[in-house]
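These notes are about the structure you will find just below.
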Amino acid sequence: MIDPKTAWAPYTPSAENPWDLRKAGHLFRRAAFGATATELQDAVAAGHEKTLDRIINGNPESADFTATSDFMASERSMPAGTETNRLAAWWLDRMLKTAHPLREKLSLFWHNHFATSNSKVLNARYMLGQYRPIHQHSLGSFRELLIAMGTDPAMLIWLDTTQSVKGKPNENYARELMELFSLGVGHYTETDIREAAKAFTGYEIKDGKGILNESQHDTSKKRVFGQSGNFQGQDIARLCLAQSACPRFLVRKLFAFFISEAEMPSEELLEPLSQFYREVEFDTGKLVSRMLRSNLFFSPNVYRARIKSPVEFAAGIVRGLDGRVGALPLAESLAELGQVLFAPPSVKGWDGGPAWLNAQTLLFRNNLALALTSTEDTRFSTRCDPAALLARHARRSDAEIVDFLLDLFVQGDVPDASRTKLLDYLARAKQTNYPAYWAENDVVQHRMRAVTHLVLTLPEFELC
Amino acid sequence: MATRREFIQQSSLLGFGTTVPAFLGRTAFAAPTAEKLGAKDTILIVVQLTGGNDGLNTVIPFKNTEYYKLRPNIAIAKDAGKKLTDEIALHPAMGELASLYTDQAALCVVQGVGYPNPSQSHFRSMDIWNAGSTEETLTEGWLGKSLKAKSLPSFHIASGNETAPLALNGAPARVPSITSLEDFQLKMASSSGADKKAQKGVIVDVASSGRQASVPMKTGTPTSPPSLLDFVSRTQMNTYASSDKLASIGKNYQPKVTYPSSGLANRLKLAAQLIDAGIGARIFYVSIDGFDTHAGQGSAAGAHANLLQQVSDGIAAFYRDLAERGHKDRLCVMTFSEFGRRAGENGSKGTDHGSGAPMFLVGGKVKSGILGEQPSLTKLEAGNLIHHTDFRRVYAAVLENWLGIDSKPVLGDAFEPLDVFAKLK
């Protein structure tokens, strides 16, 4: 169905497959954290090339953003004992306000890849310390990133490397390095793991940095993937990177993240990207650019072929409504939806895909959407205000209101019946008997909030 | 090679046949008795110990000198454990579970459980246990498949950060995950009853119209792969129907015993409430995470002890609560973990991934005792205990003799049911 030869060639709009609102929405959902109405309109007007350039290259962060975020992350404001939700709030705030959302999005990908949880690390300084190389290399070298993780203090604690010494190796890091970080099950043996574990002995944390303590390090010869040597941790990482399984493993994971969770791509489809990733020496930015600009990315096959993660779901609402919400209550709400940043459930990260949605998390999603649109919810105050947004965009009639919201959140792409139901509700809500003390404006606000909430419960809105 | 994740995703999209959850179409089962094995109102509660529980420090061969040699730092001292027999003791933190054995005759310990060529990957091995199969590609769970054969109302009682287990995948209607009854409600910003009804009507209607949208709406329009939208629609419709039903259950459950304050105990308490509400619930799935004790796991006290205490206290409270309500003979609680741990401790006073480990079954009708020998501590395979009982024999027993489901189509092969249930009159 999909031709690997043309799949990765650059997308060019055509009469059958034009650059339009739907494609702009698709791009902002996948490569950013959703869009405002203005961003969507600008993207459609600017055309696909300019929009892709903007999204991929991003803009430099403002001095204010950087200073504020750095201050918030300083030791004074977030000491080691800071609770996880505050860490998560700090990152959410970056996601919502950054001038280069793709970079934060990739950082989220790598956080899920090197899934490390503060529930065990119990040190906000180390967690923030791990975020730094992840953010630095998110669109850069996976090679550097993989090597850096071997001495990252949060990782050293998370996978017990600090407990692993000469003569008494602990296998935890060596196993996950191969199974989850670089190769995948089936591309190493149990002997490879036991041998590699020796190379990761003697690492410890000194003055907040991961270092090798030679006196605790096993200097014997190790044999991994058929090669022998007095390997240290970074040598094992390099051996993993040299395996042909490595780029394939990463490309498959990035495919699910950016392109489609709905189908399993064939080896044949992914092979050109795997080769490319190796050719560009694991430059993730180049790989991601190629993926996002491709025919396949803009093809009907992969449209709405992902389930939004809780972060994508919530950020999409806040950004769409031009909202300013407290990041801390937002972070706390995301825990209910199953995603606490800096605290993935295991070293495998979040399962993602359909696993995000079960009965309970679905209700939490609906109820979070309600809270974000409602003045009656004390958590978020009134800073997401659908009525004000609609007024700013001069949408007054019921049809204008419904179409604006549908364009904003699902690019108008819903069955006609759904649109009709929303219009019916607005009509009925005019006939409702409201409390006597409600002013006319209260009624308007109520109808706007209610219909916005209803739009956010559409099944289409759950898809990314 | 295909990863489990992708296959699950694929299969998740295919496996949802009917829309209405099974328990909605059924009336309550009144009589809380199990007259014969596989009787109509037996209940299964699966307790998953995530991370690889150290079986050797859970069920302890306290007379075996080899045990103390293998574990100079973390072994449980000879007289510290809760003795079940002259050879075998439970971890000292498991006094409650031990008392179900000594006072209630309601605990069955199955020794040395595993499967051939054990995987030491958490995720692969957990998939194998969840699927009840060692095939390379695992897409459906053993309980999900069972639900195809017999529609038994089921719940996954989840903790906050937890997704539904593979074990429940493949069921004809998605098994609902619930964290609490209070949260299992659809909320609206409504100004009146009529307004609320109108809003709810829209929410339910747009959910179902998502299903019709699998037909392309307009030519030239990109349409989503129908299955994914369909999956969301079905999950929504399922959930809204379930939440209506559960809204009728009273919020103030008064347990007959005091449950300990742990996440696991809270989840079991919710299961007890749903059982007692008489909505016909038959299968529950709960998990407790944290058993990946590579370092500093402790001995009689410490990290592992705390986990075992939660398991022991939680299950015992659950059993006693329901026993007081007359349900004890309907209960079968089954624990498992994806693997046991290395026989010898590692240099970090913890244990690395191993294989071969015990399972517990708790209930008024389980055959109380210790089934099978303690695996040898001298004859090891790469440092790991060698299993002698395939876990699918336990599953087969639960399916055949407790739930009344033919196990062969579920397990893909005929496994002889292990003799874990007491013979009834």
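The values are calculated or read from the model by the stated rules, or taken from the named source; none is laboratory data. It should be emphasised that the depicted structure is a prediction, and the values quoted were computed from it without experimental measurement. Virtual Cβ from ideal backbone geometry, glycine too; neighbours counted across all protein chains shown.
Results for (1) more than 33 Å from the chain's Cα centre (by Cα); (2) crowded, with 23+ Cβ neighbours inside 10 Å; (3) modelled with pLDDT of 95 or more, shown as yes or no for each residue.
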{"residue": "A:W158", "(1), (2), (3)": "no, yes, yes"}
{"residue": "A:V185", "(1), (2), (3)": "no, no, no"}
{"residue": "A:T189", "(1), (2), (3)": "no, no, yes"}
{"residue": "A:A197", "(1), (2), (3)": "no, yes, yes"}
{"residue": "A:D218", "(1), (2), (3)": "yes, no, yes"}
{"residue": "A:G233", "(1), (2), (3)": "no, yes, yes"}
Failed condition for B:S154, given (1) more than 11 Å from chain A (Cβ to nearest Cβ); (2) surrounded by fewer than 23 Cβ atoms within 10 Å (Cβ to Cβ); (3) of a type in the set (S, T, Y), with all others met?
(2)
Segment A:250-275: number of residues that are without any contact (Cβ under 8 Å) to a residue 60 or more places away in the chain, surrounded by fewer than 20 Cβ atoms within 10 Å (Cβ to Cβ) and not in a loop (DSSP other than H, G, I, E, B)
2
Would you check if A:A359 is within 9 Å of another protein chain (Cβ to nearest Cβ), under 20 Å from B:V232 (Cβ atoms) and either in contact with a helix residue (DSSP H, G or I) (Cβ under 7 Å, 6 or more places away or on another chain) or surrounded by 15 or more Cβ atoms within 10 Å (Cβ to Cβ) (or both)?
yes
Residue list for segment A:111-125, filter: surrounded by fewer than 23 Cβ atoms within 10 Å (Cβ to Cβ) and either of a type in the set (K, R) or farther than 14 Å from A:S346 by Cα (or both):
A:K120, A:L122, A:N123, A:R125
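Residues being buried (at least 21 other Cβ atoms within 10 Å of the Cβ) and either small (G, A, S) or outside any strand (DSSP E or B) (or both): count how many of those fall in segment B:288-319.
Count: 18.
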Looking only at segment A:109-150, and only at residues there that are assigned to a helix (DSSP H, G or I) and among the aromatic types (F, W, Y), the one that is farthest from A:W90 (Cα to Cα)
A:F142
Residues that are surrounded by 12 or more Cβ atoms within 10 Å (Cβ to Cβ), without any contact (Cβ under 8 Å) to a residue 24 or more places away in the chain and part of a loop (DSSP other than H, G, I, E, B), drawn from segment A:55-74:
none
Hey, any hits in segment B:375-390 for a residue that's in contact (Cβ under 8 Å) with a residue 60 or more places away in the chain and small (G, A, S)?
no
Output the residue which, of all residues in segment B:235-264 that are of a type outside the set (V, I, T) and crowded, with 23+ Cβ neighbours inside 10 Å, is farthest from the other protein chains (Cβ to nearest Cβ).
B:L264
Would you be able to tell me the number of residues in segment B:42-71 that are over 18 Å from B:L361 (Cβ atoms), in contact (Cβ under 8 Å) with a residue 40 or more places away in the chain and not β-branched (V, I, T)?
11
Looking at A:L106, is it assigned to a helix (DSSP H, G or I) and touching a His at 6+ places or on another chain (Cβ under 7 Å)?
no
Note on segment A:333-361: residues among the hydrophobic types (A, V, I, L, M, F, W, C), in a helix (DSSP H, G or I) and out of contact with any strand residue (DSSP E or B) (no Cβ under 9 Å at 6 or more places or on another chain) are A:L334, A:A335, A:L337
Number of the exception - A:D20 against (1) among the acidic types (D, E); (2) within 12 Å of another protein chain (Cβ to nearest Cβ); (3) free of Cβ contacts under 8 Å to residues at least 12 places away in the same chain:
(3)
Identify the residue in segment B:378-425 that is in a helix (DSSP H, G or I) and polar (S, T, N, Q) and, among all such residues, is surrounded by the most Cβ atoms within 10 Å (Cβ to Cβ).
B:S407
Condition (residue is on the phi > 0 side of the Ramachandran plot and out of contact with any Asp or Glu (no Cβ under 9 Å at 6 or more places or on another chain)) applied to segment A:113-122: is it met by at least one residue?
yes
Result of the Cβ filter at 8 Å on segment B:246-275, keeping first residues that are free of Cβ contacts under 8 Å to residues at least 40 places away in the same chain and partners that are assigned to a helix (DSSP H, G or I), at least 6 apart or interchain, is B:Y253/B:K269; B:Y253/B:A272; B:Y253/B:Q273; B:Y253/B:D276
Might you check whether a residue that is over 20 Å from A:E83 (Cβ atoms), without any contact (Cβ under 8 Å) to a residue 60 or more places away in the chain, of a type in the set (S, T, N, Q) and within 14 Å of another protein chain (Cβ to nearest Cβ) occurs anywhere in segment A:329-347?
no
Given (1) closer than 30 Å to A:E261 by Cβ; (2) of a type in the set (D, E, K, R); (3) without any contact (Cβ under 8 Å) to a residue 40 or more places away in the chain; (4) buried (at least 17 other Cβ atoms within 10 Å of the Cβ), A:D416 misses just (4)
Pairing a residue in segment B:219-241 that is under 20 Å from A:L27 (Cα atoms) with any residue that is modelled with pLDDT of 85 or more and of a type in the set (K, R), where Cβ atoms lie under 7 Å and the two sit 6 or more apart in sequence or on different chains, gives B:P222/A:R22; B:S224/A:R304; B:L228/A:R304; B:L229/A:R304
